[in-house]
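Visitor: Mind having a look at this structure? Questions to follow.
The values are calculated or read from the model by the stated rules, or taken from the named source; none is laboratory data. Computed from a prediction, not measured in an experiment: that's the story for all the values here. Cβ atoms come from the backbone with ideal geometry, glycine included; neighbour counts cover every protein chain shown.
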Amino acid sequence: MMQDLQLLSGDGPVYRRLADAIADRIASGELAKGERLPSQREIAQNLGINVTTVTRAFSALQERGLIDARPGRGMLVAEQKSEKGAEFVSAPSEDTGLVDLSVNRPATNAFLDVTAALLPRLSKNPLYAATQDYHPAEGPAWARATVAKWMKDVAGDNDPGRVVLTIGAQHALDCVLSAVAQKGDVILADEVTYQGINALCRSHDIELRGLAMDRGGMRLDALETACAQLRPRAIFLVPSLHNPTTITLSEERRRGIVEIARRHNVLIIEDDVYRPLLDNPPPSFATLEPELTVYIGGFSKCVAPGLRFGFVIGPRSMMNQIAAALRINCWSANPMAALIATVLLEEGSAAKIIAAQKDELSKRQAILSELLGDFDLQSYPTSTHAWLRLPDPWRGAGFARTCLQRGVSVLPGDAFAVGREPVQHGVRINLSAARSQEDLRRALKTMRELLDAGHLQIPGFV
């Protein structure tokens with residue numbers, strides 16, 4: 001490896017160019033699984049750079065999953081993951097040389113600005129004293145009343161008795177599955193869908209089945225057949241700005257799904273966390289069929305994921321079971337987070353944060369359209385993410401891996417696949433994740449170059 005190792009040319013940081021040079025050798029097979037890399041000091045001496053620079057390069061390669069540290073053996077080339085599947089990414093990369101477009105995060109600092117002004121006066125709020133005490137599993141009554149009011153046109157008819165507060169939407173989904181499904185039950189979902197439902201179903205020993213989609217979402221014929229043959233317990237849907245494809249189900253498609261669910265008495269789990277980012281959204285499933293729908297919402301995609309504030313709204317007959325599952329899981333949601341969310345909603349600050357996010361997202365979507373608009377791209381003017389269907393000969397995992405080698409992180413379609421059936425070759429691009437519009441533009445230009453170059457950029461392509 002050391003005989004002809006050179007830094008890649010370019011204007012990027014030295015550590016990043018070194019990491020990319022080593023990554024290229026791993027991708028090409030010149031560095032095989034288990035092969036030991038030279039010591040950091042040896043590389044530094046041969047290239048005339050600081051050891052600290054090599055350390056940063058190794059850290060970047062570890063974060064990409066390309067090398068592993070082994071006690072007594074140094075750094076070894078890691079086993080490369082197959083093109084099927086990808087890790088459940090739950091936090092943005094800390095690598096400053098990487099533009100991470102794989103995780104949804106706030107597109108602005110609007111939440112930080114608002115809470116910076118809020119926190120000094122929070123202790124004066126009459127509800128502040130309650131934050132040090134235990135609360136019912138379903139959450140403080142005052143916070144549930146505020147959520148019920150906020151969601152009155154979407155779910156629950158302004159009834160706080162139908163609200164359970166959770167530590168984010170993923171926690172809400174966990175509590176719902178614990179309450180309504182048993183080991184061996186079948187849950188239906190889109191053939192590509194939010195990664196979190198895959199992980200939860202595995203942990204609960206629930207069978208998750210993916211159904212065929214078209215560009216309008218879950219196909220009704222596939223749903224009808226699956227309900228008749230599999231007798232599922234529930235249908236899991238992300239109906240607004242679907243993750244990862246950004247599809248928003250039309251009212252007609254929603255009503256078709258409701259008719260099938262009624263006919264087969266199947267519960268609808270509506271994960272609607274992206275809804276606040278839509279303009280004039282279609283009616284929710286919770287509105288169309290409140291007795292068969294469990295509605296999940298929260299602040300993670302529209303306000304700030306760090307607050308960890310979510311909720312479930314459903315039929316009164318189910319809410320005690322969901323609250324009981326939450327009590328076993330964590331006793332109750334964080335009352336301080338509930339108080340902050342309550343104040344943001346009551347004072348109108350949450351609406352201002354959402355408006356700021358949508359404004360920034362529209363600008364980022366314009367950059368996306370400018371640079372990649374002539375490809376098969378599916379998105380929405382205020383969506384946090386977009387879905388890029390890849391041209392031949394690119395495959396999802398191969399394209400994502402090649403992007404990563406060039407300092408851009410995206411998730412391939414395989415990461416969202418349900419089951420083992422082949423999925424469309426695409427990648428999810430999280431526009432909100434870029435730290436700035438400039439970073440986003442740079443990352444999309446890199447992707448554009450790869451798409452234009454095609455097979456010439458695919459390692460080992462013949």
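Visitor: If the Cβ limit is 9 Å and pairs must be 6+ apart or interchain, which residue in the range 293-308 that is more than 20 Å from S383 (Cβ to Cβ) pairs with which residue that is among the hydroxyl-bearing types (S, T, Y)?
Guide: These pairs meet every condition: T293/S284; T293/T287; Y295/S284; G306/S300; L307/T115; L307/S300; R308/T166; R308/S300.
Visitor: Are there any pairs with C-beta distances below 9 angstrom linking a residue in the range 198-220 that is touching a residue at least 60 places away in the same chain (Cβ under 8 Å) and farther than 14 Å from I235 by Cβ to a residue that is of a type in the set (S, T, N, Q) and assigned to a loop (DSSP other than H, G, I, E, B), with the two at least 6 apart or on different chains, and if so which?
Guide: As it stands, the answer is R215/T245, since those pairs meet every condition given.
Visitor: If I ask for residues that are free of Cβ contacts under 8 Å to residues at least 60 places away in the same chain and over 21 Å from R70 (Cβ atoms), which ones from the range 12-49 would you list?
Guide: V14, R17, A21, Q45, N46, L47, G48, I49
Visitor: How many residues are among the acidic types (D, E) and over 27 Å from the mean Cα position of the chain (by Cα) when one looks only at the range 107-163?
Guide: 3
Visitor: Hey, could you check the range 337-362 for residues that are among the hydroxyl-bearing types (S, T, Y) and surrounded by 15 or more Cβ atoms within 10 Å (Cβ to Cβ) and say which is nearest to L278 (Cα to Cα)?
Guide: Only one residue fits best here, namely S349.
Visitor: Would you check which residues across the range 130-152 are out of contact with any helix residue (DSSP H, G or I) (no Cβ under 7 Å at 6 or more places or on another chain) and part of a helix (DSSP H, G or I) and list them?
Guide: Q132, V147
Visitor: State yes or no: is Q365 surrounded by fewer than 23 Cβ atoms within 10 Å (Cβ to Cβ), within 21 Å of the chain's Cα centre (by Cα), not assigned by TED's automatic domain parsing to the domain that holds N280 and not β-branched (V, I, T)?
Guide: When the stated conditions are applied, Q365 passes them.
Visitor: Quick one: is G348 out of contact with any helix residue (DSSP H, G or I) (no Cβ under 9 Å at 6 or more places or on another chain) and either closer than 19 Å to K149 by Cβ or of a type in the set (D, E) (or both)?
Guide: Yes: the conditions hold for G348.
Visitor: Would you be able to say whether some residue in the range 415-429 is over 22 Å from D190 (Cβ atoms) and either exposed (fewer than 15 other Cβ atoms within 10 Å of the Cβ) or not β-branched (V, I, T) (or both)?
Guide: Checked the range 415-429: no residue is over 22 Å from D190 (Cβ atoms) and either exposed (fewer than 15 other Cβ atoms within 10 Å of the Cβ) or not β-branched (V, I, T) (or both).
Visitor: Could I ask something else about it? Out of all the residues in the range 369-392, which are outside any strand (DSSP E or B) and charged (D, E, K, R)?
Guide: Those that are outside any strand (DSSP E or B) and charged (D, E, K, R): E370, D374, D392.
Visitor: Further question on the same structure: Looking at the range 198-214, can you tell me whether even one residue there is at pLDDT below 95, closer than 20 Å to V427 by Cα and surrounded by 17 or more Cβ atoms within 10 Å (Cβ to Cβ)?
Guide: yes
Visitor: Go over the candidates V303, V312 one by one and state the one that is crowded, with 21+ Cβ neighbours inside 10 Å, touching a strand residue (DSSP E or B) at 6+ places or on another chain (Cβ under 7 Å) and assigned by TED's automatic domain parsing to the domain that holds V176.
Guide: Answer to the selection: V312.
Visitor: Among (1) in a helix (DSSP H, G or I); (2) touching a Phe, Trp or Tyr at 6+ places or on another chain (Cβ under 9 Å), where does T446 come up short?
Guide: Among (1) in a helix (DSSP H, G or I); (2) touching a Phe, Trp or Tyr at 6+ places or on another chain (Cβ under 9 Å), T446 violates only (2).
Visitor: Check whether at least one residue in the range 302-317 is closer than 17 Å to H135 by Cα, in a loop (DSSP other than H, G, I, E, B) and in contact with a His (Cβ under 7 Å, 6 or more places away or on another chain), and report yes or no.
Guide: For the range 302-317, residues closer than 17 Å to H135 by Cα, in a loop (DSSP other than H, G, I, E, B) and in contact with a His (Cβ under 7 Å, 6 or more places away or on another chain): absent.
Visitor: Quick check: is even one residue across the range 269-288 within 24 Å of the chain's Cα centre (by Cα), crowded, with 18+ Cβ neighbours inside 10 Å and over 24 Å from H385 (Cβ atoms)?
Guide: There is no residue in the range 269-288 that is within 24 Å of the chain's Cα centre (by Cα), crowded, with 18+ Cβ neighbours inside 10 Å and over 24 Å from H385 (Cβ atoms).
Visitor: Let me ask another. What are the residues in the range 31-80 that are part of a loop (DSSP other than H, G, I, E, B), modelled with pLDDT under 85 and out of contact with any helix residue (DSSP H, G or I) (no Cβ under 8 Å at 6 or more places or on another chain), if any?
Guide: Within the range 31-80, G65, P71, G72, R73, E79 meet the criteria.
Visitor: V114 - would you say it is over 21 Å from H242 (Cβ atoms) and crowded, with 19+ Cβ neighbours inside 10 Å?
Guide: yes
Visitor: Under the condition of being acidic (D, E) and at pLDDT below 90, which residue from the range 368-421 is farthest from the chain's Cα centre (by Cα)?
Guide: Among residues in the range 368-421 that are acidic (D, E) and at pLDDT below 90, the one farthest from the chain's Cα centre (by Cα) is D392.
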